[in-house]
Amino acid sequence: MNIEVEEVSTGEKVVKTLGPSEGKFTFTSHDAGDHTICLSSNQTSSWFSNSHIKLYLDIAVGAARHDVEKDRAHANKLSDKLRDLNEKLEAIRREQQYQREREAQFRNLSESVNAKAMWYTLLQVIFLVGTCYWQLRFLRHFFADRKGR
């Protein structure tokens, strides 16, 4: 079924489409005024064909009204989803802040342990150098006393 809708005053085509062979077709005009509706079949017929076309036409004229309750329900659903998303986002932010604080604590602890390990190593080196100096001095005096006898 070919469907064409045209505004009478301007001659502008509002709809020009191939409609379904069965079912409903709906359109809404953007401007008020007179319109011409042209329906044509895309079936070829001959003088001797037995094909019949059954057409029920129901035209509803008037201004379309928005369903305020449906809009409110949709807005409420959207606001609920938005509220849930905001709560999840806030939970993610809290978790990120917690992880940053934990990382800072761990970094401070690691730096403290590294500093203590460095001082411990430095003390060991000083102790070993002192022990080596003392042993060398002791052995020098020991062998000098043995040689002198």
Taking only protein heavy atoms into account and a 1.4 Å probe, give the accessible area per residue of the chain in Å².
98
Give, rounded to the nearest 20 debye, the magnitude of the charge dipole that the chain has about its Cα centre when Lys and Arg contribute +1 at Cβ and Asp and Glu contribute -1 at Cβ.
2540
Amide H to amide H under 5 Å from Val14: which residues, 5+ apart in sequence or cross-chain, H placed 1.01 Å off N in plane?
Val5, Glu6, Glu7
So which aspartates and glutamates pass the test for Lys77, namely a Cα distance under 17 Å, with those fewer than 8 places away in the same chain ruled out?
Asp67, Glu69, Glu87
Quick check for you: which residues of region 80-104 have the amide N under 17 Å from the point 7 Å beyond the Cα of Ser112 toward its beta carbon?
101-104
Projected onto the charge dipole of the chain (+1 at Lys/Arg Cβ, -1 at Asp/Glu Cβ, origin at the Cα centre), which of Phe142, Trp119, Ser51 gives the Cα projection farthest towards the positive end?
Phe142
Pair Gln105, Asp31: separation of 7 Å Cα→Cβ label points (nm):
7.1
Ignoring chymotrypsin sites (Phe, Trp or Tyr not before Pro) buried by more than 10 other Cβ within 10 Å or outside DSSP loops, the longest site-free run in the chain is 57-149
Cys38 and Thr17 label points (each 7 Å along its Cα→Cβ direction) are spaced in nm at 1.8
Which residues make up the longest stretch of the chain that has no GluC sites (Glu not before Pro) in a DSSP loop with at most 12 other Cβ atoms within 10 Å?
23-149
Convert 10 °C to kelvin, take the viscosity as 1.306 mPa s, use the Kirkwood radius over C-alpha pairs of the chain as Rh, and evaluate the Stokes-Einstein diffusion coefficient in µm²/s, rounded to a whole number.
60
Once Lys and Arg are counted +1 and Asp and Glu -1 for all other residues with Cβ under 15 Å from that of His141, the total becomes +4
Calculate how steeply helix 68-148 sits against the longest principal axis of the alpha-carbon atoms of the chain, using the helix alpha-carbon long axis, and give the answer as 0 to 90 degrees to the nearest 10.
20
Nearby lysines by direct alpha-carbon distance to Lys147 (threshold 19 angstrom, same-chain neighbours under 8 apart not counted):
none
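The values are calculated or read from the model by the stated rules, or taken from the named source; none is laboratory data. Nothing here was measured: the structure is a model prediction, and the numbers come from that model. Using ideal geometry, Cβ is built from the backbone for each residue, glycine included, and neighbour counts are taken over all protein chains shown. Heads up: the accessible areas ignore ligands, DNA and RNA and are worked out on the full protein's heavy atoms, side chains in. Shrake-Rupley method; radii C 1.70, N 1.55, O 1.52, S 1.80 Å.
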